[in-house]
Ligand code: SF4
């Protein structure tokens, strides 16, 4: 069945896009793709990634600039009451949950010396830190090979036929199974660029996509 002009569902057999070709095209198209969250150390990266849920990197970077004017380092955050942090980030969605997660993570880190761990598993034990956040922090703050499967990555690997649904853990595993570890961090940044600029959730622009010839366009109407 052709993808064009017909609805494709997740239950139909789907020929997955060849990973090596996808990897090469993404690397050639967005060689400069990088994390757009502004952070100067692992703690700032952790705060920024917690703040990034359901908002844009631009909004997060504005919030980080405000936070950096008032707070320096994990100790300062651990000393806060959650209600003191909330006004500084209240323009962000889920600001109460984010303030609680940040303060609780800071306190947990202070109990073990204050350093942010580099391992994904250790990061994921912090309060309010899920596996996706842990992967993004480990990758971008420490260079640990990791797949931070955000909403763009989940959607794109599904449309490429690498998964049968949009799911963070399945997307992470699908990329890890197909792409060399040395490319995990960068292919996520490149997928995010693809997702923002071309493979949007609504009306993906397949006609101008560099992956169009190899992508089965799973789930695209
Ligand atoms: S824009 Fe279309 S062709 Fe490109 S990755 Fe998305 S679904 Fe595939």
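Just so it is clear, none of the values below were taken in a lab; they were calculated from the coordinates. From a predicted model like this one, the values you see are computed outputs, not experimental measurements. So basically every Cβ, Gly included, is an ideal-geometry build from the backbone, and we count neighbours across all protein chains shown.
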I'd like to know how the chain sits against the 2.2 N^0.38 Å rule of thumb: what's its Cα Rg over that expected value? 1.09
May I ask you to order 118-124, 43-49 by the average number of other C-beta atoms within 10 Å around their residues, highest value first? 43-49, 118-124
How high is the FRET efficiency between residue 207 and residue 173 when r is their beta carbon distance and R₀ equals 25 Å, given to the nearest 0.05? 0.25
Build a GNM of the chain with springs between Cα atoms under 10 Å: which of 206, 135, 188 gets the top mean-square fluctuation? 206
Of the candidates 149, 63, 105, which one comes out as most mobile in a Gaussian network treatment of the chain with C-alpha springs shorter than 10 Å? 63
In deg cm²/dmol and to the nearest 500, what is the mean residue ellipticity at 222 nm of the chain if only DSSP H runs of at least 4 residues count, each as -39500 (n - 2.57), divided by the residue total? -15500 deg cm²/dmol
Cα gyration tensor category, rounded, prolate or oblate, for the stretch 42-129 with a/c compared to 1.5: prolate
Separation of the residue 56 and residue 110 label points, Cα + 7 Å toward Cβ, nm: 3.5 nm
FRET efficiency, residue 96 to residue 121 (Cβ-Cβ, R0 30 Å, nearest 0.05): 0.65
18 Å tail of the calculated P(r), the stretch 101-220, as % of Cα pairs: 54 percent
Report the Stokes-Einstein translational diffusion coefficient (µm² s⁻¹, integer) for the stretch 37-82, Rh taken as the Kirkwood radius over Cα pairs, at 25 °C with viscosity 0.890 mPa s. 228 µm²/s
Would you look at the GNM of the chain, springs on alpha carbons closer than 10 Å, and say which of 16, 99, 146 moves the most? 16
